[in-house]
Amino acid sequence: MNFHINWALVAPIIAIQAILVIIALIDLSKTEKTNGPKWMWVLIILFLEVLGPISYFIIGRKQS
Amino acid sequence: MKTWLVLFRKEWLEMIRNYKVIWIPLAFVLFGLLQPITSYYMPEILKNAGNLPNGAVIKIPIPLSGEVLAQTLGQYNQMGILVLVLAFMGIIASERKSGMTKAILVKPVGYSSYITAKWTSAVLLSAGAIFLSMAASWYYTVLLIGDFPFMNVVKGASIFFIWILFLITLTVFFSSFLKSSGLVAAFTLLLSILVTLLTSLLGKWMEWSPYQLTNAAATLFTAGRIEGPFLLPLITTVILTVLLLSLAATRKSNS
């Protein structure tokens, strides 16, 4: 496995993912009610990389 | 006009508060960046991932930069549309459900300006997301694969955006009278899939189809000029968009 990765290329992607995760977590900590238990969304946001935060924003937030 | 601007401002405030302004463009930029990177690393990924017999030789040419950009459009057509439709499905339906629409329409606000303010903000946000993402994709493609004229990217993205504009209008249209936002998303996605399928299956009879705009944008990237129908789908799409929007805006809210 001599997979050569150019980190300068991948860094922006990691940064965008990190921003998405952080915003989702901030929003999650602010809202008092979500669709489904909160701890589940924390796990989803943290472990489903790109799709986690996006699916939280789409279905996790209670539209008020 | 003044009330329209107030409604427009309120819409942006809402999109800032629920982070749509940030996460939709970021998600799109991510889709845009992933395409050139996976195309560039594909030979290495295959070399490491597959359990090929010793000595097997795979030769995959790195695609041309135009092809990568066309594939990026394909990404938007799947993930991008899904994200946009799901993000905007509740644009009117959920406000009506929560009684917000009534609260707004009690004030001297025209129903049509209420709808068009929502539509305009949704369109502007998705336009920003797509152009930002396309620029990012172009930058990575030029960096990794090969040069490509930026003007063509702008033109192609603009043509492609008209198709997205049509889908957003469809979302707003369904959202203006359907009760549940889930149904809005289901109808819009189903219709977009239907149009896409019929266009690729019955190309001869579907030259007017809005989906042809995607093909036009893709050929602009791969061949350097637009091949296939362009003017006809452009006209039908604009007419359909105006029609759907005016239908949505004139519908008296009966709930």
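The values are calculated or read from the model by the stated rules, or taken from the named source; none is laboratory data. Please read these numbers as outputs of a predicted model, since none were measured by experiment. Ideal geometry is used to build each Cβ from the backbone, glycine not excepted, and the neighbour counts take in all protein chains shown.
Collect the residues in the range B:84-114 that are part of a helix (DSSP H, G or I), surrounded by 21 or more Cβ atoms within 10 Å (Cβ to Cβ) and modelled with pLDDT under 90, keeping them in residue-number order.
B:A93, B:Y114
Just the residues that are in a helix (DSSP H, G or I) and within 14 Å of chain A (Cβ to nearest Cβ), please, taken from the range B:161-184.
Here is the first cut: in the range B:161-184, the residues in a helix (DSSP H, G or I) are B:161-175, B:181-184.
B:T171, B:S175, B:S181, B:G182, B:V184 - these are the residues of the range B:161-184 that are in a helix (DSSP H, G or I) and within 14 Å of chain A (Cβ to nearest Cβ).
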### Query
Take the residues of the range B:148-185 that are of a type in the set (S, T, Y) and within 22 Å of B:I92 (Cβ to Cβ): which is farthest from the chain's Cα centre (by Cα)?
B:S180
### Query
Hey, among B:I24, B:I81, B:I62, which residue is within 12 Å of another protein chain (Cβ to nearest Cβ) and either part of a loop (DSSP other than H, G, I, E, B) or surrounded by 13 or more Cβ atoms within 10 Å (Cβ to Cβ) (or both)?
B:I24
### Message
Report every pair of residues separated by at least 6 positions or lying on different chains whose Cβ atoms are under 8 Å apart, first residue within the range A:1-23 and part of a helix (DSSP H, G or I), second surrounded by 11 or more Cβ atoms within 10 Å (Cβ to Cβ) and modelled with pLDDT under 80.
### Response
A:Q17/A:E49; A:Q17/A:V50; A:L20/A:V50
### Query
Taking the range A:26-60 as the region of interest, how many residues are at the interface with chain B (Cβ under 9 Å from one of its Cβ atoms) and surrounded by fewer than 12 Cβ atoms within 10 Å (Cβ to Cβ)?
1
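So is A:I23 in contact with a Phe, Trp or Tyr (Cβ under 6 Å, 6 or more places away or on another chain), modelled with pLDDT of 85 or more and either closer than 30 Å to B:T141 by Cβ or within 8 Å of chain B (Cβ to nearest Cβ) (or both) or not? Spell out the reasoning first.
On the way: in contact with a Phe, Trp or Tyr (Cβ under 6 Å, 6 or more places away or on another chain): yes; modelled with pLDDT of 85 or more: yes; either closer than 30 Å to B:T141 by Cβ or within 8 Å of chain B (Cβ to nearest Cβ) (or both): yes.
Yes.
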### Task
Go through (1) out of contact with any Gly (no Cβ under 8 Å at 6 or more places or on another chain); (2) of a type outside the set (V, I, T); (3) assigned to a helix (DSSP H, G or I) and name the single condition B:A56 misses.
(3)
### Query
Just for the range B:186-225: of the residues that are free of Cβ contacts under 8 Å to residues at least 24 places away in the same chain and in contact with a helix residue (DSSP H, G or I) (Cβ under 7 Å, 6 or more places away or on another chain), which one is farthest from B:G90 (Cα to Cα)?
B:M206
### Query
Looking at B:S158, is it in contact with a helix residue (DSSP H, G or I) (Cβ under 8 Å, 6 or more places away or on another chain) and either in a helix (DSSP H, G or I) or modelled with pLDDT under 85 (or both)?
no
### Task
Determine whether the range B:67-74 contains at least one residue that is within 14 Å of chain A (Cβ to nearest Cβ), of a type in the set (S, T, Y) and closer than 27 Å to B:A218 by Cα.
no
### Task
Using the structure shown, decide if B:N152 is buried (at least 19 other Cβ atoms within 10 Å of the Cβ) and either touching a Cys at 6+ places or on another chain (Cβ under 8 Å) or in contact (Cβ under 8 Å) with a residue 12 or more places away in the chain (or both).
no
#### Entry: Residue check, B:S112 of a type in the set (G, A, S), within 12 Å of chain A (Cβ to nearest Cβ) and over 18 Å from A:L20 (Cβ atoms)
no
### Task
Go through the residues of the range B:11-21 one by one and say whether even a single one is closer than 21 Å to A:A24 by Cα, at the interface with another protein chain (Cβ under 8 Å from one of its Cβ atoms) and assigned to a helix (DSSP H, G or I).
yes
### Task
Considering (1) within 20 Å of A:A15 (Cβ to Cβ); (2) of a type outside the set (K, R); (3) surrounded by fewer than 20 Cβ atoms within 10 Å (Cβ to Cβ), say which one B:L30 fails and leave the rest.
(3)
### Query
Given (1) without any contact (Cβ under 8 Å) to a residue 60 or more places away in the chain; (2) more than 21 Å from B:I226 (Cβ to Cβ), where does B:F177 come up short, assuming only one miss?
(1)
### Residue under evaluation B:L46, criteria (1) more than 10 Å from chain A (Cβ to nearest Cβ); (2) touching a helix residue (DSSP H, G or I) at 6+ places or on another chain (Cβ under 9 Å), criterion not met
(2)
